[in-house]
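Everything on this sheet refers to the single structure shown next.
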């Protein structure tokens, strides 16, 4: 349950930032910084959703299925966030921003699957079928 608190806090921060009418750094590279911020915040959101989903599973754990579900939930939040921005004065929802958000989401899913950053995986290994198995302890 505590893992979901981190997800909701992060999503709330995204919602809050999306509610600010003119979110600008004032720097010359403001546009590029904002787009990297999109990638970063949705990368973190996806990782948090993944770990929240991972902690909820009782039976065998499948990294690919869990990361795809995290992808879908993060994508839906990205869509809802851009829709939310259409109601904020000085902001507009953008399909381009959703696609930029998906870069962060996709990067998180890729890295989670590539490097198997799995909580409590010290003595565990993922088999070819995607399931996590407990490894025998060495003597």
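The values are calculated or read from the model by the stated rules, or taken from the named source; none is laboratory data. This structure is a prediction, so every number in the text was calculated from the model and none was measured. All Cβ positions, even for glycine, are placed from backbone atoms using ideal geometry, and neighbour counts span all protein chains on display.
For the range 75-87, the tally of residues that are surrounded by fewer than 15 Cβ atoms within 10 Å (Cβ to Cβ) and in contact (Cβ under 8 Å) with a residue 40 or more places away in the chain stands at 0. If you go through the range 44-63 and keep only what is in a loop (DSSP other than H, G, I, E, B) and either modelled with pLDDT of 90 or more or buried (at least 18 other Cβ atoms within 10 Å of the Cβ) (or both), you end up with just 61. Candidates in the range 12-43 are the residues that are part of a helix (DSSP H, G or I), in contact (Cβ under 8 Å) with a residue 40 or more places away in the chain and out of contact with any helix residue (DSSP H, G or I) (no Cβ under 6 Å at 6 or more places or on another chain); of these, the one that is nearest to residue 91 (Cα to Cα) is 15.
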